[in-house]
Every structure is written in C-alpha cells, then in structure tokens.
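Everything on this sheet refers to the single structure shown next.
The values are calculated or read from the model by the stated rules, or taken from the named source; none is laboratory data. Predicted model only: the values in this text are computed from it and were never measured. Ideal geometry is used to build each Cβ from the backbone, glycine not excepted, and the neighbour counts take in all protein chains shown. The accessibility values were calculated without ligands, DNA or RNA, using every heavy atom of the protein model including side chains. Shrake-Rupley method; radii C 1.70, N 1.55, O 1.52, S 1.80 Å.
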Amino acid sequence: MTAGGAADNTGRAAIFDLDGTLLDSMGVWDRIDEEFLAKRGITVPDDYMAKVSAMQFMEIAEYTIERFGLHDTPEALVAEWNDMARRMYAQAVEPKPHAVDYLRALKASGARLAVATTMLPDLRTPALEHAGMADLFDAVVGVDDAGDRGKEHPDVYLLAARQVGVDPAHCTVFEDLLAGMRSAKSAGMQVWAVHDDSSDHDWDRICTLADGVLFDFADAPRRLQ
C-alpha cells in the first residue's frame, strides 16, 4: 500500500477484453447476427453465438458460410459485419458500469493496462474513443496481431503482457469468455470473470475456474496479484 492508503500496483498489469467485458456490447452482435441472417432468410440458431464466441472474424465467416450454405466469400462477410458494427461501436456502445473509473484508478496505482481483443482495429479504435477509454491503455492488441489465433489460445494475452513489459505471473486478465479465461490461466495469469448475459450458459464453469467474479467494476480488485 502507498502512504495514502491506495493500492500500489507497480510492476503489475491488467489485461482487458472489450466485448462483454469493458464494453456493454454483446447485444450489438446479437442484432448484427439477426439482421445479417434475416437478409438471407435465416433465423439465428440457438447455439450460433456459443459456437462462434471464441473465434476471430475470418473463422466466424468461414464457419457461417459452411453452416448456412452461403455463396458469399469470407472477406465479403467480414466487410459487411464491419460496416454494420462500425456504426454501432462509434455511436451507441457504452462502457460497463464503473469501468472507466476502475481503469483510471488502476492507472493511478501504477498498473500497466492493456487490451486483448478479438475485435479488429477499425472497430476497437472507434469503440475505445466513444467509450472514453482510448488514452488509458499502454497497449492495445488483437488476435490479428497474434497470428490470427483466437482466444482458445493464449497468444493474444501473452502478446499484451510482452507489450506492457510485465511477466505473465503478474498479469490479471478480465474476461467474460470461458475459452479466454482458460487460455489466460494456462499462461499463468490471474483471471477475473466479468459477468455478461452472453456467457450465462457457461457461468457455473466460469465461477469454478476464475480467481474472482464481478458484476460491476465498482467491485473489482484494487490490488492486483
């Protein structure tokens, strides 16, 4: 602790997912899926979101084309999704409760802050700017920077740790996605689960795996491990 009683997180890092973790945005993708498939006369299957949740965009496009027998190219699907999402992220998506205050408190405590996301740069940049977070991070990386390996692999978290210069053992990952939590734990990182409705089907397993859980960043840890 510092002399003023606040936590001292020098030498530690917090690595954050965006969709469903810092940003209250998973409903955006529900709407995009519904609108995209409706244009093709298809209703979103109940298991679709769970199937694609850990994939990066090109994998989702390839899976979607194969599953529904579409004639689009993967590149065309990604471009269409990006156009739909860019408008929503730049205008409508808001932070999770107390997320910005928590980021500022961590930064003031000496922690290094990073984003590790599946979102592509042309989405994550306007989203961070709209949410008032863009100037708070020491590194922002995506799976596109980590060999296009999705969050079922730890690569993006390890890349974030390297970019902020902190050993994985002193990194805490904040995630809403079970596959991402498993990967971060496999890399020796602490994991705090952030509740999002999109992960309700995995919540029991998430609670068993995570080092801590939260529904509001007002309850997030002030002292990182």
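With respect to A85, is the statement that it is open to solvent by 30 Å² or more (accessible area, probe 1.4 Å), over 25 Å from A184 (Cα atoms) and at pLDDT below 95 true?
In short, no.
Scan (1) surrounded by fewer than 21 Cβ atoms within 10 Å (Cβ to Cβ); (2) closer than 27 Å to G27 by Cβ for the single condition T117 breaks and write down its number.
The failed condition is (1).
Out of all the residues in the range 60-67, is one or more touching a residue at least 24 places away in the same chain (Cβ under 8 Å) and closer than 27 Å to H201 by Cβ?
Scanning the range 60-67 turns up no residue that is touching a residue at least 24 places away in the same chain (Cβ under 8 Å) and closer than 27 Å to H201 by Cβ.
Results for (1) outside the structural domain of A105 (by the TED database); (2) of a type outside the set (D, E, K, R); (3) open to solvent by less than 40 Å² (accessible area, probe 1.4 Å), shown as yes or no for each residue.
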{"site": "T21", "(1), (2), (3)": "no, yes, yes"}
{"site": "D33", "(1), (2), (3)": "yes, no, yes"}
{"site": "F36", "(1), (2), (3)": "yes, yes, yes"}
{"site": "G41", "(1), (2), (3)": "yes, yes, no"}
{"site": "Y48", "(1), (2), (3)": "yes, yes, yes"}
{"site": "S53", "(1), (2), (3)": "yes, yes, no"}
{"site": "I60", "(1), (2), (3)": "yes, yes, yes"}
{"site": "W81", "(1), (2), (3)": "yes, yes, yes"}
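Given the criteria within 16 Å of F16 (Cβ to Cβ) and open to solvent by 40 Å² or more (accessible area, probe 1.4 Å), does K107 qualify?
For K107, the condition - within 16 Å of F16 (Cβ to Cβ) and open to solvent by 40 Å² or more (accessible area, probe 1.4 Å) - is met.
Any chance the range 159-172 includes a residue that's out of contact with any Leu (no Cβ under 8 Å at 6 or more places or on another chain), open to solvent by 10 Å² or more (accessible area, probe 1.4 Å) and under 19 Å from S53 (Cβ atoms)?
no
In the range 158-205, what residues are in contact with a strand residue (DSSP E or B) (Cβ under 8 Å, 6 or more places away or on another chain) and aromatic (F, W, Y)?
Hits for the range 158-205 are F174, W192.
Has the range 185-197 got any residue that is surrounded by 20 or more Cβ atoms within 10 Å (Cβ to Cβ), of a type in the set (D, E, K, R) and touching a helix residue (DSSP H, G or I) at 6+ places or on another chain (Cβ under 7 Å)?
There is at least one residue in the range 185-197 that is surrounded by 20 or more Cβ atoms within 10 Å (Cβ to Cβ), of a type in the set (D, E, K, R) and touching a helix residue (DSSP H, G or I) at 6+ places or on another chain (Cβ under 7 Å).
Inside the range 125-225, counting only strands (runs of 3 or more DSSP E) that do not spill past its ends, which hold 1 or more residues that are more than 15 Å from the chain's Cα centre (by Cα) and modelled with pLDDT of 95 or more?
171-175, 190-194, 212-214
Being at pLDDT 90 or above, closer than 25 Å to H201 by Cβ and either out of contact with any Ser or Thr (no Cβ under 8 Å at 6 or more places or on another chain) or hydrophobic (A, V, I, L, M, F, W, C) (or both) narrows it down to one of V78, V44, V28, V100, so name that one.
V44
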